[in-house]
1. Could you please state, rounded to a whole Å, how far the C-alpha centre of the stretch 377-445 is from the C-alpha centre of the stretch 573-615?
2. Could you tally the net charge around residue 823, taking each other residue with its Cβ under 12 Å from the Cβ of residue 823, Lys/Arg +1 and Asp/Glu -1?
3. Can you pull the percent of the stretch 215-345's accessible area that's carbon plus sulfur, 1.4 Å probe, other chains left in place?
4. Within a Cβ distance under 9 Å of residue 936, other residues only, what is the Lys/Arg minus Asp/Glu net charge?
5. Say the cut-off is 25 Å between C-alpha atoms; which of 54/107; 715/786; 233/338; 852/913; 494/597 go over it?
6. With a point put 7 Å past each Cα toward its Cβ, work out how far residue 202 is from residue 22 in nm, to one decimal.
7. Roughly to the nearest percent, how much of the accessible area of the stretch 550-597 is carbon and sulfur, given a 1.4 Å probe?
8. With every protein chain present, what accessible area does residue 572 have (1.4 Å probe, heavy atoms only), rounded to the nearest 10 Å²?
Amino acid sequence: MTAAENVCYTLINVPSDSEPPSEVSLKTDLEKGEIKAKTEALKKVIIMILNGEKLPGLLMTIIRFVLPLQDHTIKKLLLVFWEIVPKTTPDGKLLQEMILVCDAYRKDLQHPNEFIRGSTLRFLCKLKESELLEPLMPAIRACLEHRHSYVRRNAVLAIYTIYRNFEHLIPDAPELIHDFLVNEKDASCKRNAFMMLIHADQDRALDYLSTCIDQVHTFGDILQLVIVELIYKVCHANPSERARFIRCIYNLLQSSSPAVKYEAAGTLVTLSSAPTAIKAAAQCYIDLIIKESDNNVKLIVLDRLIELKEHPTHERVLQDLVMDILRVLSTPDLEVRKKTLQLALDLVSSRNVEELVIVLKKEVIKTNNVTEHEDTDKYRQLLVRTLHSCSVRFPDMAANVIPVLMEFLSDTNEAAAADVLEFVREAIQRFDTLRPLIIEKMLEVFHAIKTVKIYRGALWILGEYCSTKEDIQSVMTEVRRSLGEIPIVENEIKKETGEVKPEDEVSAAPAQKLVTEMGTYVTQSALSSSRPSKKEEDRPPLRGFLMDGDFYVAASLATTLTKVALRYVAIVQDKKKQNSFVAEAMLIMVTVLHLGKSSLPKKPITDDDVDRISLCLKVLSECSPLMNDIFNKECRKSLSHMLTVRLEEEKLSQKKESEKRNVTVQADDPISFMQLTAKNEMTSKEDQFQLSLLAAMGNTQRKEAADPLASKLNKVTQLTGFSDPVYAEAYVHVNQYDIVLDVLVVNQTSDTLQNCTLELATLGDLKLVEKPSPLTLAPHDFANIKANVKVASTENGIIFGNIVYDVSGAASDRNCVVLSDIHIDIMDYIQPASCTDAEFRQMWAEFEWENKVTVNTNITDLNEYLQHILKSTNMKCLTPEKALSGFCGFMAANLYARSIFGEDALANVSIEKPIHLGPEAPVNGHIRIRAKSQGMALSLGDKINLSQKKANI
């Protein structure tokens with residue numbers, strides 16, 4: 001059921017293809033049939049009554065022939081039958097036959113079988129007729145003293161329901177239940193009794209709790225949960241009671257039940273903001289995350305910790321618990337680890353950053369030893385990024401972190417290595433003192449780098465930051481070692497013809513000495529010892545990249561060699577050495593050019609790479625001061641500028657976050673009195689239990705508009721016309737994975753409409769959960785019908801259907817009113833999200849569905865159009881504000897959003913302002929949308945098309 005009802009009814013599935021039996025045959029079965037036949041007949045009667053049939057002739061038959069039977073199945077079915085059968089005459093008086101039924105149930109309440117007693121008591125909770133209940137009250141009271149707990153706990157429930165609905169039948173119920181509670185030993189009975197006292201007479205519940213407050217930790221978990229709820233409600237309504245019960249909540253944090261600990265921690269945070277209370281609650285949350293095996297539980301509790309962090313005073317307390325929070329990293333789930341690292345990073349301070357870095361370094365090393373798992377690489381990436389952020393915020397830590405991370409440059413996973421490289425590039429630029437250490441480590445791991453992209457980045461760093469003579473010579477040695485014997489073309493041809501064996505190749509690699517069994521030394525090539533003896537595998541890394549046709553790395557190598565050669569010339573005064581070094585650099589470039597033009601590589605060199613290498617050769621041959629300046633200063637300036645801009649952006653976003661969290665109170669702000677506060681203003685004072693219940697049932701109120709009624713009316717769709725015999729309108733409530741249609745049906749005729757059924761069908765990725773049951777509408781009557789629709793993915797869906805009904809007394813066929821279509825808006829599932837530029841580019845390359853939308857709008861300003869698109873699509877702009885500021889006649893921006901189903905949606909806006917058409921000319925251009933699924937791309941494109949034009953107000 002979708003909404004909170006006072007009573008839980010029994011729902012029965014009806015097979016739609018079965019033929020309804022006649023009343024005569026049912027009567028025969030009920031009178032003369034065997035137990036099995038009577039059971040089947042009774043089931044059919046129940047289904048027919050649910051479908052709107054009255055069957056008044058069968059009532060006496062069932063009382064005479066079925067009610068006296070002792071079969072348990074029939075007794076259970078009879079409970080359902082008496083729940084749904086009409087018990088009153090048309091003028092509202094109780095049927096005479098019901099007195100017989102009442103007597104039968106009085107006997108059942110005294111039945112020796114506890115199941116029959118208990119289920120009868122459950123049934124009595126659903127009765128709405130006080131005349132039926134009155135004769136049963138003594139028997140219900142007697143059930144409180146039954147030997148079996150099943151009967152006693154259902155008796156408490158029955159008394160509670162009767163007291164709530166008809167207080168005059170049992171006015172002393174709270175006193176009766178209080179006495180029962182004092183003497184009761186069973187946990188479930190105590191829980192039901194205590195629950196009743198909370199809602200019926202809170203003072204008595206408090207009196208009972210006061211007598212046993214020291215024994216609360218010995219109670220069962222179901223009773224402890226109810227006690228937590230009571231304490232919360234009492235302290236919520238009357239804050240002066242906090243001191244009385246806060247010790248009890250502290251004790252419940254030590255409960256053996258995870259549910260009790262979770263609720264107690266949540267309650268403690270709302271009752272007290274003292275540092276000791278916050279620390280105890282946070283510690284409890286952390287223990288729960290570590291001990292619970294369910295990842296969903298871990299994520300929910302982590303969210304509670306993150307909520308705690310949002311409060312400025314609580315954040316200081318949580319900072320001391322960072323090391324405890326990091327224990328959660330032992331969980332193998334990536335999502336849990338991601339949230340934990342983010343939380344730890346937000347809480348880290350100069351006091352605990354050293355310990356944090358030590359733990360993260362251990363985690364990074366662990367990932368190296370773990371057998372490859374699909375999430376290991378992603379986790380390593382997360383750790384690298386976290387260490388990167390720590391080092392940027394606390395520069396003293398960088399020296400400890402860099403040596404560990406540099407090992408991962410040789411990692412086969414390019415993504416993790418690329419993150420390390422980005423970190424190293426930032427560190428070497430920002431921290432001058434670390435440059436010698438970074439260059440030393442970079443030279444150590446350079447020969448082991450396996451991917452070409454990382455190789456290019458490492459070359460750039462070495463070329464840019466090697467400034468001493470020894471370092472420059474080391475770079476040249478490493479380059480020669482990675483390139484192998486030169487000239488490359490001649491060497492490769494000799495290998496092909498067999499003149500030179502790969503093992504005999506003269507290489508700059510250090511030889512490795514091995515000892516044989518005889519004790520003599522054997523020298524073995526470093527390359528041939530670690531690689532198989534296939535020709536392709538024997539090549540040094542850089543030569544391997546070039547032979548595969550990747551000459552972009554050659555262009556990068558040429559730039560690096562030019563930089564180090566120009567720097568070498570400036571450092572070393574000896575002309576002979578200068579010329580020798582420059583000549584060696586030029587020789588390497590020429591041999592690479594020669595290789596590119598030959599037929600040996602898999603792909604020939606591109607013209608761009610030829611131009612780049614040729615330019616570098618020309619620069620080295622002329623050695624002009626201007627070129628020296630461009631190569632050795634301007635490159636570094638542009639990197640420095642980029643890092644400064646990024647740092648400013650980060651600071652700005654952090655400032656915005658802190659401004660959000662810091663609640664400033666002005667001197668002339670009005671004072672809020674709790675007693676006078678409107679309900680919607682009591683954000684921190686809202687009843688958490690009520691909120692969580694509403695959230696579970698899908699009744700959470702979103703802050704869609706200042707006036708909630710206005711936003712609700714926006715979602716009402718008219719389904720039929722005002723002149724139709726049946727008027728219908730639907731309120732569409734979207735609650736994450738399901739849509740609830742609340743349809744109001746109004747009979748506008750003077751006839752009674754029987755079997756009035758709402759028939760729905762869906763188009764798109766929607767699925768109707770249950771068929772709405774038929775109902776009977778009196779003349780000018782109205783009713784609400786609820787229908788549930790499940791949503792499986794993000795795409796525009798359509799719900800269509802009709803209302804069919806019979807007019808009582810008419811001989812014609814069924815009447816039908818066709819309904820208007822209900823369009824489900826994709827925007828209800830899309831939420832703004834953010835990702836890095838690298839992730840955006842990777843997804844852009846991977847996603848196969850693209851939808852290109854032509855801009856057709858009446859908006860004349862580029863920035864205004866972009867903001868309009870962001871507002872109408874729920875997407876987030878990833879392009880920084882600085883890049884979008886100013887006016888140059890065109891604009892390009894990347895947008896990103898994620899659906900609640902985890903689907904990603906990317907968009908690239910490329911727009912321009914045609915200045916030649918005048919200042920009032922509208923914006924034109926294209927928006928390209930990419931998504932993994934076709935539905936997402938098409939739906940988002942449709943949404944943009946519909947909302948491009950700004951409505952004239």
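1. Between the Cα centres of the stretch 377-445 and the stretch 573-615 lies a distance of 31 Å.
2. Working: positive: 715, 943; negative: 795, 821, 825, 828, 942.
Summing Lys/Arg as +1 and Asp/Glu as -1 gives -3.
3. Details: 2830 of 5520 Å².
C and S atoms contribute 51 percent here.
4. On the way: positive: 932; negative: 795, 903, 904.
So the surrounding residues net to -2.
5. On the way: 54/107 27 Å; 715/786 15 Å; 233/338 35 Å; 852/913 19 Å; 494/597 18 Å.
From the list (54/107; 715/786; 233/338; 852/913; 494/597), the Cα-Cα distance tops 25 Å for 54/107; 233/338.
6. Reported label-point gap for residue 202 and residue 22 is 6.2 nm.
7. Values: 1160 of 1930 Å².
That fraction is 60 percent.
8. Roll a 1.4 Å probe over it and residue 572 shows about 10 Å².
The values are calculated or read from the model by the stated rules, or taken from the named source; none is laboratory data. It should be emphasised that the depicted structure is a prediction, and the values quoted were computed from it without experimental measurement. Counting neighbours? That spans all protein chains shown, and the Cβs are built from the backbone with ideal geometry, glycine included. Accessible surface is based on the protein model in full, side chains and every heavy atom, while ligands, DNA and RNA are left aside. Shrake-Rupley method; radii C 1.70, N 1.55, O 1.52, S 1.80 Å.
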